[in-house]
Amino acid sequence: NSTVREAIGITERPEPTGMGIWRTFVPRPEEVVRTDLYYGGPAFIAGYCPTGDSMMYAYLVEAAQERDLTEGPEIMAELAAGYGGPWVEIREHIKNDARVNYTHFTQHLIEGDWHRGRVVLIGDAAHSCPPTIAQGAAMAIEDAAVLAREIIAADTFDEESFRSFRDQRVPRARVVVENSVQLGQWMLDGKRDGDVPGLMH
């Protein structure tokens, strides 16, 4: 939902993909020392990731729906009840009035120029995808690296440099956006034999 994208007159906006995600930060159980994902159960994905010595990020992915955020901790705790291991302790922290967030997954890819004048969009402003293959931040860093290379290499930096940057990035961005959306769609459709490693490659 880039403010800059709107301000420079690029009208493409992210579209919902049909999935929603509950997110929260809670105290980290001692047994949690790495990122883990659970597939299936009451949510499509239940995951967590340590963020420091004492805290962690936990999330649950479901089919998108309108949710009453005043009941967020209760709803998220109920979904978490379908998982064991560290989720038992995570659930207790959620129930104790943890701050939770709920958003819908979205996706978009700007098909035209990513710039207006000397303002250029990169990262989620130019292309966004659901985090199903966890490439959002990586894509933004790649954009920045390619844009920097174009700026350094240009004798005269002009609109063609921006277009060259965009032309290099669109094929890769398209693959990541489409594959991220496809993986989510397989979950929504209950497809259990999709080529997930192939998509993530």
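The values are calculated or read from the model by the stated rules, or taken from the named source; none is laboratory data. All figures in this text were calculated on a predicted structure; none of them were measured in a lab. Using ideal geometry, Cβ is built from the backbone for each residue, glycine included, and neighbour counts are taken over all protein chains shown. When the accessible area is computed, the model is the full protein with side chains, heavy atoms only, and any ligands, DNA or RNA have been set aside. Shrake-Rupley method; radii C 1.70, N 1.55, O 1.52, S 1.80 Å.
Rank these by accessible area, largest first, 1.4 Å probe: 70, 106. Walk me through the numbers on the way to the answer.
On the way: 70 110, 106 45 Å².
Final ranking, largest accessible area leading: 70, 106.
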Check: Any idea what Rg and Dmax come out to for the range 15-105 if you just take the C-alpha atoms, in Å?
Finding: 12.3, 39
Check: Excluding the sites themselves, what is the longest stretch of the chain that contains no GluC sites (Glu not before Pro) in a DSSP loop with at most 11 other C-beta atoms within 10 Å?
Finding: 112-201
Check: On the first, second and third principal axes, largest extent first, how far apart are the outermost C-alpha atoms of the chain in Å?
Finding: 59, 37, 31
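Quick check: net charge around residue 100, other residues with Cβ under 15 Å of its Cβ, Lys/Arg +1 and Asp/Glu -1? Mind showing how you got there, number by number?
Details: positive: 23, 67, 91, 95, 99; negative: 62, 68, 71, 74, 78, 92, 97.
Here the charged neighbours net out to -2.
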Notebook entry, point to check: Given a Förster radius of 45 Å and the C-beta distance between residue 158 and residue 200 as r, what FRET efficiency does 1/(1 + (r/R0)^6) yield to the nearest 0.05?
Noted result: 0.75
Notebook entry, point to check: So, counting K/R as plus one and D/E as minus one, what does the shell of residues with Cβ under 14 Å around residue 70 add up to?
Noted result: -3
Checklist line | GNM result for the chain, Cα springs below 10 Å: residue of 147, 69, 188 fluctuating most strongly | finding: 69
